[in-house]
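The values are calculated or read from the model by the stated rules, or taken from the named source; none is laboratory data. Just so we're clear, the structure is a prediction, and the values are computed from it rather than from any experiment. Cβ atoms come from the backbone with ideal geometry, glycine included; neighbour counts cover every protein chain shown.
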Amino acid sequence: MIVLKKSLSRRTMLRGLGAAVALPLLDSMVPALSVRAATPAKPVNRFGVVYVPNGMIMENYLPKTEGPDYETTPTLTALEPFRERFQVLSGLNCTPTPGRPGGAHAKATTRFLTDISPPTSETWLDAGISVDQILGQELGKQTQLASLQLGIESGETAGSCDSGYACPYTNTLSWSGPSTPLPTQNDPRQVFERLFGDTRSTNANERVARTREQKSILDSVTQEVSRLSGTLPPADRSKLTEYLDAIRGVERRIEIAEKENRQLPIVDHPEGIPASWEDHVKLMFDLEVLAYQSDLTRVITLMLGHEQSGMTYPQIGVPDAHHPISHHQHEPEKVAKTAQINAYHVKMFAYLVDKLRATPDGDGALLDHMTLIYGAGIADSNSHAPVNIPFLLAGGGAGNLKGGRHTHFKDVPLANLHLTLMDQFGVKWEHIGDSNGRVEPSMLALGA
Amino acid sequence: MSVRLLKWLSLAAVATGAWSLWADDPATVKSASVTTGVPRVPQAKAIIQQYCLGCHNAKLKTAGLLLDTANVERVGENPDLWEKVARKLRTAEMPPAGRPRPDPSTYRSVAAELESALDAAAAAKPNPGRVPVHRLNRAEYTNAIRDLLALNIDGKALLAADDSDQDGFDNVASILTVSQVLLENYLSAAHAISALAVGDPSLPPSVETYKYSKLLVQDDQMSEDLPFGSQGGGVIRHTFPLNGEYTIKVLLRRQFYDYIMGMGEPHQIDIRLDGVRIKRFTVGGEANGTTMPEGFAGNTQGSPEFEVYMHTADAGLEVRIPVKAGEHEVGVSFITQLWEQEGVLQPRQIGFARTTNENYHGNPAVEFVKIGGPYGSTSPGDSPSRRKIFVCTPKTSAAEEPCAKKILSTLAARAYRRPVRDEDVNALLGFYRSGRAEKDFDTGIERGLERMLAAPSFLFRVESAPINVAPDAPYKLSDLDLASRLSFFLWSSIPDDQLLGLAIQGRLRDPSVLRQQVNRMVRDARSKALVDGFANRWLGLSKLASLNPDTDLYREFDENLRDAMAKETQLFVADQLKEDRGVAELITADYTFVNERLARHYGIPNVYGPRFRRLNFTDGVRGGLLGQASILAVTSYPNRTSVTLRGRWLLTNLLGAPPPPPPPNVPALKDPGQDGQPRSLRERMEIHRQSPVCASCHQRMDPLGFSLENFDALGKWRTQSDGVPIDAAASLPDGTHFEGIAGLRQVVASHKEDFVRTFTEKLLAYAIGRGVELADMPAIRKIARDAAQQDDRWSAIIWGIVNSPPFNMSVSGDGKPVKLAQAGRNGPGEIK
């Protein structure tokens, strides 16, 4: 019997650093790694997204009244201590393009940041660039990584995905182009290494040597790609273009890293995926905060689960798989259990909000300099309704964003809100996906 | 060949030995006759006129399908359209229910007429389709490193996971994209692998941790590689990078409050290297002082010395030994106690409780094995990787560069799967020189290898059209491209020297050479990739890893069962392939493979130990895929079976007739007993099916699922559910009555043609790494038709695929992917 799951490490922990514990080691981080701390001119605005699958039980989630005095709901209870730091937005729609029925769960994910309904495509890909990637092009100019894609579930064990749609549509929110979904990372150790490098040593000279080596490999490989590319028909060149884009990304990263020449934090490596789901989520949120804090990136998306997730939550008394039970058919017990999962997810989000609030950044805290979305791509999973989706907007948006209210839009495409949020970052697009206008900034207390 | 592959082979070879059916004699291949010329379609024309044109005409344009303007006598002018029509007729989906419909035999004969016309058109003008540039997926990369460098790596730790298509295949070229994350992974992997393979003496010591799940029961012998009479633990295959000293440290399982389990009595624990015992420890039984109260461990503490002991008793389970570079087996196990332990009898710990356990009695178990090193004076030694890499050793400094060139060219030809060009070698030598200048010869080779593993020529499969082919014209793949297609199909890896050599000599198109190679490759242990990469994914078993049964209901579930379920199917499919059975025997076979854990699950007595053995059945329950717990479990919910999921799985994966997705807002299933009457699931589903919207699909899916209701959500046999006896009788929409799994096997067997076609379709998609298109249907029918002459054997289907246009041909030029985006693309646009 093969029982070995080498989940912990191939690696490479210096002996003596020894028995690294998975949690909550990142708290030992020294703050103010951020290079930005030294240049307090204009506060940075960061963009974060936390996605939850399979919609929500709307009766339990959506406040009944609008405005600043809205009464909180059972699902949102865990966020009540942060009431003044987020808004509830309702009436936003992700209605699929007419003539493209089906694949409600796949589209829920893909549309959430691209505003595009992909056509039926089981073995190929066709969506469009997503909002986080559009913003990443701008916000990433100053940071080593343009963006980071995180997840909790692994897409590889999902098996078949939504009918008629290849798995990337449900496995990621982020697309750098119509056929380029960006994979999510769910292993904390791999995320850590992505952020802080793969050298086997903390010795500065060795790190410099390694960087030089990587650069020469990238140069040489780039030449090989152009040689290869010349012999190919255009249709085939796209894959190699992806490869070149990736090379440029790494080169840019090396350049910035060299310029910054920053000291690496002395932190223990996380040891792979923790056994408990809750520990796993918290550790990923810790890494997210660490990435913002050290200004390695300003754009992060994170999926708490995949649409049609078979995840069970026995720790809160729900041993049923999430997706099947979210098709509750109005049976009270299933409705209640689904709502329990929704509230549990919100509780996890509250952990992130709290942590961002507690992490100093410039003249305030990280939360002040964030535009942070929490939401789902469909409302009630039972009916696959893509209208009036659950959507929270948290953070201070670097002075642009207020909290503490519930605003209802009347049948407005989510794309319109995306455009308005992009405006706040100085990224002005005329149109995205199925947008038919913009949301009035004052509705969001934006630009106040 | 690695030890692991040999083991796998010997397991698969349990029953009978011979490979005889994988014969090398091409003379036995009869080819089915296909009529040439333009076949007439008199019946089709009349039937379409009578039943279809009423809606599908230029005026009504129903579903956008116009049959009056298309010429059925020239199907070759619009093959995709007629292929769709043939399929709708083959499955009797059209005309819709309620409209006048032909009788079943007319359906079949008209579909057959259309299909043979389509086949003739395709034979006259093949459309092989085109596979875009193909990135190696994680499994292929891992296997390629194994074959290139004699090094087993843990691909999962090095590379991001690959996405899969709707069928679950993760080798589909158009979905294997490249991202910055992946490129960073490739660079790190190249760095780590080259150092490991060459044996870089500057590798710093590190500790690798292997973990055993808390849900793995360790009460018995855990592996055939551990001695009889051993208990718990396991065997780790670890690559030791250098000759040097290493530490092996064992940490025992803790319960919820971190007390080490089973420390009430002494236990003996052995650490082995390659089967040889290094050291035996005694651990446990030395706790002094006052214990904590039974059942309140952690809540109320015992006396300090007791507490310390219970948390640290395993602190000394560590050895430090010299080990030679290369892969070795590290074994850890206890010695079975032949007496029952004293103490308060505890309930058997189950499921979730095992991870939240307060009980600290029972058997101790291994939770972590940590291997650290190398320490002391180290040297590269003589590892299998070094033997593979260093085909020469320079004696003088003048001999160094020629030797480096030889080493790197030899490796690059294998890695790039073609003869190397000057520019390839020059690029690699550049890196060799910088490494040589920095340190020594070995470092130079290490740098050259690192560059090679980041090369697009290694990471991508790029097929090239001959120069003189017209744009968009079909052409035969070059021998080199064909060799790669073969090796990635049958081995999920790079070609070996023999295959590559034949391709370079231009002999691969010789049918007898080709057949000899295909047979050789299937017999080779590397063809295990067909089981892992194809069968596992075709059957949807990648979900098994994330199976989360509700352990309040399925109390017996443990990791041992999960592993055994996966292994049963692997061994069974491998055996069918090796014995070259007809593929329908995957369903009808009367045998399977079980070990003790699985036998207990199935209620089979007298099977002991971790070894899987073949068992034949006469009761018609187990045997073949349908009675396998793996499949029955992944088609269930965590807390109940689902006739719909099982029915859908059968229709989609075995019969090639997937039902459309369900409409939203389906009405509720009434709970059992809601109106005071106990109801079986069947009764509830039948009420559900009274809705006409639901009925159209559920009357196809549910009967198939009902026949498997005797198996619970983990595939265990049962005779009642919800307090009601199981009724596994069912009838199909066409009136066929059948009952239970035995009846279901007959149903599938009676649709053998559909099954073989579906199997062929899936295997073809996997073989070429792209989704199957309508244009591939003539090829699929031909493969199935020819294979039918040879009892649908695996060899016949594989041979048919290898000889089909989609596999050994391609389309030149810009041949745009058939389907591409009319979709909205996002772009910055103009700001008004």
Note: among A:I116, A:I134, just one is among the β-branched types (V, I, T), part of a helix (DSSP H, G or I) and surrounded by 24 or more Cβ atoms within 10 Å (Cβ to Cβ), namely A:I134
Criterion first (assigned to a loop (DSSP other than H, G, I, E, B) and touching an Asp or Glu at 6+ places or on another chain (Cβ under 7 Å)) does B:R611 satisfy it? yes
Enumeration of residues in the range B:171-190 that are in contact (Cβ under 8 Å) with a residue 40 or more places away in the chain, at the interface with chain A (Cβ under 7 Å from one of its Cβ atoms) and out of contact with any Phe, Trp or Tyr (no Cβ under 7 Å at 6 or more places or on another chain): B:V172, B:T177, B:L187
Look through A:E278, A:E251, A:E258 and report the one residue that is surrounded by fewer than 19 Cβ atoms within 10 Å (Cβ to Cβ), within 11 Å of chain B (Cβ to nearest Cβ) and either closer than 20 Å to A:T170 by Cα or in contact with a helix residue (DSSP H, G or I) (Cβ under 9 Å, 6 or more places away or on another chain) (or both). A:E251
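What about B:P692, is it at pLDDT below 85, farther than 30 Å from B:L763 by Cα and in contact with a helix residue (DSSP H, G or I) (Cβ under 8 Å, 6 or more places away or on another chain)?
When the stated conditions are applied, B:P692 does not pass them.
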Residue match in the range B:731-753 (condition: within 14 Å of chain A (Cβ to nearest Cβ) and modelled with pLDDT of 85 or more): no
Complete set of residues in the range B:545-557 that are within 19 Å of B:R600 (Cα to Cα), crowded, with 19+ Cβ neighbours inside 10 Å and of a type outside the set (S, T, N, Q): B:P549, B:Y554, B:F557
Consider B:V469 carefully, then state whether it is touching a residue at least 40 places away in the same chain (Cβ under 8 Å) and part of a loop (DSSP other than H, G, I, E, B). yes
Kindly establish whether A:T123 is in contact with a Gly (Cβ under 7 Å, 6 or more places away or on another chain) and more than 26 Å from A:D286 (Cβ to Cβ). yes
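To keep it simple, each residue is scored yes or no on (1) at pLDDT below 90; (2) surrounded by fewer than 21 Cβ atoms within 10 Å (Cβ to Cβ); (3) under 21 Å from B:P384 (Cβ atoms).
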{"site": "B:A192", "(1), (2), (3)": "no, no, yes"}
{"site": "B:L226", "(1), (2), (3)": "no, no, no"}
{"site": "B:Q255", "(1), (2), (3)": "yes, no, no"}
{"site": "B:D258", "(1), (2), (3)": "yes, yes, no"}
Which strands (runs of 3 or more DSSP E) sit wholly inside the range B:722-812 and have at least 2 residues that are closer than 21 Å to B:P511 by Cα? B:809-811
Taking only the range B:196-213 into account, find how many residues are modelled with pLDDT of 95 or more and at the interface with another protein chain (Cβ under 9 Å from one of its Cβ atoms). 0
The range B:487-498, residues that are part of a helix (DSSP H, G or I) and crowded, with 22+ Cβ neighbours inside 10 Å: B:S487, B:F488, B:F489, B:L490
Is it the case that A:A106 is at pLDDT 90 or above, assigned to a helix (DSSP H, G or I) and under 19 Å from the mean Cα position of the chain (by Cα)? yes
Name the one entry in B:Y591, B:Y637 that is within 23 Å of the chain's Cα centre (by Cα), modelled with pLDDT under 95 and hydroxyl-bearing (S, T, Y). B:Y637
So A:T180 fits all but one of (1) more than 8 Å from chain B (Cβ to nearest Cβ); (2) within 22 Å of the chain's Cα centre (by Cα); what number is the exception? (1)
So for the range B:510-520 (the condition being farther than 26 Å from B:A796 by Cα and either part of a helix (DSSP H, G or I) or more than 10 Å from chain A (Cβ to nearest Cβ) (or both)), does at least one residue qualify? no
State whether the residues of the range B:93-106 include one that is assigned to a helix (DSSP H, G or I), of a type in the set (S, T, N, Q), more than 24 Å from B:N803 (Cβ to Cβ) and away from chain A (no Cβ under 14 Å). yes
Can you go through B:L547, B:L541, B:L577 and tell me which one is of a type outside the set (D, E, K, R), within 24 Å of B:E761 (Cα to Cα) and within 13 Å of chain A (Cβ to nearest Cβ)? B:L541
Residues in the range B:523-535 that are farther than 13 Å from B:F489 by Cβ and buried (at least 20 other Cβ atoms within 10 Å of the Cβ): how many? 3
Of the conditions (1) in contact with a His (Cβ under 9 Å, 6 or more places away or on another chain); (2) surrounded by fewer than 22 Cβ atoms within 10 Å (Cβ to Cβ); (3) modelled with pLDDT under 95, A:L23 satisfies every one except a single condition; which number is it? (1)
Selection from the range A:137-172 of residues surrounded by fewer than 24 Cβ atoms within 10 Å (Cβ to Cβ), in a helix (DSSP H, G or I) and more than 7 Å from every other protein chain (Cβ to nearest Cβ) yields A:Q137, A:E138, A:L139, A:G140, A:K141, A:Q142
Restricting attention to strands (runs of 3 or more DSSP E) lying wholly within the range B:214-288, give those where 1 or more residues are within 14 Å of chain A (Cβ to nearest Cβ). B:230-240, B:243-252
Within the range B:57-92, work out how many residues are among the aliphatic types (A, V, I, L, M), closer than 17 Å to B:S109 by Cβ and not in a helix (DSSP H, G or I). 1
Being of a type in the set (A, V, I, L, M), over 23 Å from B:Q231 (Cα atoms) and part of a loop (DSSP other than H, G, I, E, B) is the filter here; which residues of the range B:307-330 pass it? B:A325
Going through the range B:112-152 in order, the residues found to be among the small types (G, A, S), more than 12 Å from chain A (Cβ to nearest Cβ) and in a helix (DSSP H, G or I) are B:A112, B:S116, B:A117, B:A120, B:A121, B:A122, B:A123, B:A124, B:A144
Criterion first (part of a helix (DSSP H, G or I), among the acidic types (D, E) and crowded, with 20+ Cβ neighbours inside 10 Å) does A:E288 satisfy it? yes
